[in-house]
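A.B. asks: Quick one: structure below, then a few questions.
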Amino acid sequence: MDLDGDRDVADHLRHHLDGVRLKLLGDRIAVSEANFRTFFETVDDIILVGDTEGRVVYANEAACRRLGYARGDFVGMPIIELHPADKRDEAARILDAMFRRELDRCPLELGARDGSRVPVETRVWFGQWDGRPAIFGVSKDLSAEQAALQKFERLFHGNPAAMAVSSVPDHRFVDVNEAFLRVLGYERREVIGVRSPELRLFVDGRRWRGAVGELEAGGRVRNRELELRRKDGALIHGLFSGELIETQGRRFLLTVMVDVTETVTLREALE
């Protein structure tokens, strides 16, 4: 028997199979990366890929469209230069922390080519791009959300009815409008971060808890009459409505109160 010949055939076959496996693996990686590139081009979020030196190696179509650069302009650009000039020192610190795996997101806005600012929230992860270590950043454009927030704030602070936003589940005041402060006689610093029971705001705590429970369970409450105590101790009557709202993964209670003290006093006199 030719054992040496058999071993040569076996070695040749093994090398051939290894080559086939490597080719299949390479084909699979190539297909996978092609799929990633196709996916990146179809999403509406800004996607940037950077190398270990913090320079851009790839930008998707959304990045070109929203930031106003041609695709070739991105390649080799330092990532921190995509932020407004007054934010670049902070951007550099955040990027260093990302490379140390201490942070995985960046709240800083991006700077468009025309000098405008694009509010975004960026999340990052690490992987391979063209066979080399890379950092991937996905930036969600918050322009529409910020416009809606600014509109809400104008309506909130300019509303003649007393309005408040409180956190869930601890029910601490996050924001109140000027009408709230005027009707109840408080200053903003006395209210923000405080719970209404600490202010002894509601005369009947059970009715207040019932209204809050209904609001949290059903998402809204309408025209619930409650008696309140002003800072100076005077009692007033308020007609409450509220909504359960959610923003950036957190839940809040938005409440509106119309002072109906005169109406209640007149009603009681008639009765």
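The values are calculated or read from the model by the stated rules, or taken from the named source; none is laboratory data. Quick caveat, the model's predicted, so the values are computed rather than measured. Neighbour counts run over all protein chains shown; Cβ positions are idealised from the backbone, glycine included. What goes into the accessible areas is simple: the full protein's heavy atoms, side chains included, and nothing from ligands, DNA or RNA. Shrake-Rupley method; radii C 1.70, N 1.55, O 1.52, S 1.80 Å.
A.B. asks: Counting only protein heavy atoms and a 1.4 Å probe, tell me what percentage of region 132-271's accessible area is made up of carbon and sulfur. Intermediate results must be reported in sequence, preceding the final value.
C.D. replies: Working: 4310 of 8300 Å².
C and S fraction of accessible area: 52 percent.
A.B. asks: Quick one: longest stretch of the chain between exposed loop trypsin sites (Lys or Arg not before Pro), exposed meaning at most 14 other C-beta atoms within 10 Å and loop per DSSP? If you can, show how the numbers build up before the last one.
C.D. replies: Working: sites that count: R100, R101, R113, R200, R230.
With trypsin sites (Lys or Arg not before Pro) excluded where exposed in loops, the chain gives 1-99 as its longest stretch.
A.B. asks: Keeping every protein chain present and rolling a 1.4 Å probe, give me the accessible area per residue for region 55-106 in Å².
C.D. replies: Dividing the accessible area of region 55-106 by its residue count gives 55 Å².
A.B. asks: Among V120, V168, what's the order by accessible area (1.4 angstrom probe), most exposed first?
C.D. replies: On the way: V120 5, V168 25 Å².
Highest to lowest solvent-accessible surface, that is V168, V120.
A.B. asks: Scan around L142 for amide H atoms under 5 Å from its own, H built in the peptide plane at 1.01 Å from N, and keep only partners 5 or more places away or cross-chain.
C.D. replies: Answer set, sorted by chain and number: V120, E121.
A.B. asks: Relative contact order (percent) for the chain, with alpha-carbon contacts under 8 angstrom and 6 or more residues of separation? The partial results should precede the final answer.
C.D. replies: Working: 402 pairs, mean separation 28.7, N = 271.
So the answer I get is 11 percent.
A.B. asks: Taking Cα extents along the principal axes in Å as the quantity of interest, determine which of [x] 64, 54, 37; [y] 117, 53, 30; [z] 61, 44, 37 was computed from the displayed structure.
C.D. replies: Evaluating Cα extents along the principal axes in Å on these atoms matches [y].
A.B. asks: In percent, what relative contact order does region 58-141 have, based on Cα pairs under 8 Å that are 6 or more apart in sequence? Don't skip to the answer; put the middle values down first.
C.D. replies: Details: 106 pairs, mean separation 17.6, N = 84.
Relative contact order, region 58-141: 21 percent.
A.B. asks: Which loop-located GluC sites (Glu not before Pro) does region 152-226 contain, where loop means any DSSP state but H, G, I, E or B and the Cβ has at most 16 other Cβ atoms within 10 Å? Walk me through the intermediate numbers first.
C.D. replies: Values: sites: E153, E178, E187, E190, E198, E214, E216, E225; in loops: E187.
Within region 152-226, the qualifying GluC sites (Glu not before Pro) (loop, at most 16 other Cβ atoms within 10 Å) are E187.
A.B. asks: Below 14 angstrom from the Cβ of R55, what's the summed charge of the other residues (Lys, Arg +1; Asp, Glu -1)?
C.D. replies: Values: positive: R132; negative: D51, E53, D73, E81, D130.
Net local charge, R55 excluded: -4.
A.B. asks: Give, rounded to the nearest 20 debye, the magnitude of the charge dipole that the chain has about its Cα centre when Lys and Arg contribute +1 at Cβ and Asp and Glu contribute -1 at Cβ.
C.D. replies: Numbers: 41 positive and 47 negative charges, 192 e Å.
That gives a dipole near 920 debye.
A.B. asks: For a test of the definition: using alpha carbon positions, the gyration tensor, and the 1.5 limit on a/c, classify region 177-271 as rounded, prolate or oblate.
C.D. replies: Values: a/c = 1.97, a/b = 1.32, b/c = 1.49.
Taking the square roots of the gyration eigenvalues as a ≥ b ≥ c, region 177-271 is oblate.
A.B. asks: Right, another one. With a 1.4 Å probe and all protein chains kept in place, how much accessible area does I135 have, in Å² rounded to the nearest 10?
C.D. replies: Accessible area of I135: about 10 Å².
A.B. asks: Got a sec to turn the phi values of region 169-174 into Karplus ³J(HN,Hα) couplings, 6.51 cos²θ - 1.76 cosθ + 1.60 with θ = phi - 60°, whole Hz, x for Gly and Pro?
C.D. replies: After applying 6.51 cos²θ - 1.76 cosθ + 1.60, I find x, 8, 6, 8, 5, 9 Hz.
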